[in-house]
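Okay, so here's the structure we're looking at.
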Amino acid sequence: MISPGSMISPAFFDSCAFDGGDFSEQEASNKIRDLFDKHRGIINILHSVQKEINYENTPPWVRKLAATYIGTLKVPLTLEEKSVLGDIETIIVGNGIRENRLADCRHVFEAQKHGRYFVTTDNGILKHSRAIKRRLSTLFIVKPTQFLEIVRDDVET
């Protein structure tokens, strides 16, 4: 059984982790959700990701599925949290256009605040996962295929 105190839960899915990436990533995402349902694990939706899921171009099945998961709430940030978010923005945005990456930065920040894993197929986040891990030692940013292996190991032990 995957429990709320498990090393893998809660797990936060980026909106693209439900239906993005290549076929193997989509298949892994489906298997993860099946395992979590079977073993009563917890998949959560970050309030910042929920906004993306509600976009018109999001497939209806993703919106329906996401509605069944627990979500976080947006709350004011402390000074320390603002500093952490600023560090994440520096890593992810780099020399790019800040406004284009703010949502992704907030997803990563919220995932580290509430859990251990952020599952995504967004290469703009994945390519910075090592730098983010150095700054946020408790957060693992992984693809669905990587997370599936972690979930399987936890279920089998």
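The values are calculated or read from the model by the stated rules, or taken from the named source; none is laboratory data. Being a predicted model, the structure only gives us computed values, none of them experimental. Quick reminder, even Gly has a Cβ in these numbers, built from the backbone with ideal geometry, and neighbours come from all protein chains shown. The area values use the complete protein model at the heavy-atom level, side chains included, leaving out ligands, DNA and RNA. Shrake-Rupley method; radii C 1.70, N 1.55, O 1.52, S 1.80 Å.
Summary of packing: across the peptides 43-54, 65-76, the per-residue average of other C-beta atoms within 10 Å ranks them, highest first, as 43-54, 65-76. When shorter helices are ignored and each DSSP H run of at least 4 residues is given -39500 (n - 2.57), the per-residue value for the chain at 222 nm works out to -17000 deg cm²/dmol.
Listed peptides 92-102, 13-23, 123-133 appear in the order 13-23, 123-133, 92-102 once ranked by packing, highest mean of other Cβ atoms within 10 Å at the front.
Accessible surface calculations at 1.4 Å, restricted to protein heavy atoms, place the chain at 54 Å² per residue.
Going Cα to Cα from K127, which lysines come in below 28 Å? Please leave out same-chain ones fewer than 8 positions away. Result set, ordered by chain and number: K31, K51, K74, K82, K113, K143. The order of the peptides 112-119, 30-37 by mean Cβ neighbours within 10 Å, most packed first, is 112-119, 30-37. Compared with the dominant principal axis of the Cα atoms in the chain, helix 144-156 is inclined by about 50°. Within the accessible area of the stretch 11-129, the carbon and sulfur atoms contribute 53%, probe 1.4 Å, all protein chains present.
Under a model in which nothing but the beta-carbon of Lys, Arg (+1) and Asp, Glu (-1) is charged, the stretch 36-99 shows a dipole of about 360 debye around its Cα centre. Only Cα sites of the stretch 92-157 enter the Debye sum here, all with the same form factor; the resulting log10 I(q)/I(0) across q = 0.26 1/Å is -1.21, listed in q order.
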